[in-house]
Amino acid sequence: MFIGEKEIDKEVVLKNNLTEVYYKPVEKDGETKTFSNEIFKTDSLSLLKTEEPTDANFVRETMCTPVMTEVLSILLNHNVKYVDVDYILTNIINSLNAHKKTAVEKLIGQHEFDVTTGTIDRILKDGFNPPSE
C-alpha cells in the first residue's frame, strides 16, 4: 500500500491522537510521517492508501477536504455573517503563522514545508528536544 508516492512499511498509533506511518526505505533510511488520528476516522485514509503510487496533489486534496468541510460546517453551525468570514479566516491564519514562527525558531534545522500543526503544538507545549546522534 502507498500514501502518495511512498510505500507504507508499518503504522504505529501514538498518544496525543497521532499515528506515525513508516515508509519503506528507497535508498537511505526509511521516512516517517505523522498523521492525526482524525484522518483515520474519515473515509480519507481509505482514499489515501492506494495500491499504486499517487501524486502529491491527490494526497493534499484528500487530506484537506475533510478539514475544509469541518471549517465550513462550524461557520454554518454558528450562523456566521458572511462579512465576518474573511475576518475569522485572517485571524486564524495570523495565529497559525505566529505560532509557526515561534515553533520554527525553536526547531532550527527543520525545513518549513515539513512543519505541521501537530509539530508546532508539541514544540510549544513540550519544548524541543533535538535528537541525539
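Every read-out reported here was derived from the displayed coordinates using simple, explicitly stated rules and does not represent laboratory data. Note that the structure is predicted; figures quoted are calculated from it, not measured.
Under the rule a/c < 1.5 gives rounded, and otherwise a/b versus b/c splits prolate from oblate, where does the stretch 1-78 land using the Cα gyration tensor? In terms of gyration-tensor shape, prolate.
Less than 5 angstrom separates the built amide H of residue 5 from those of 54, all sequence-distant by 5 or more or on a different chain.
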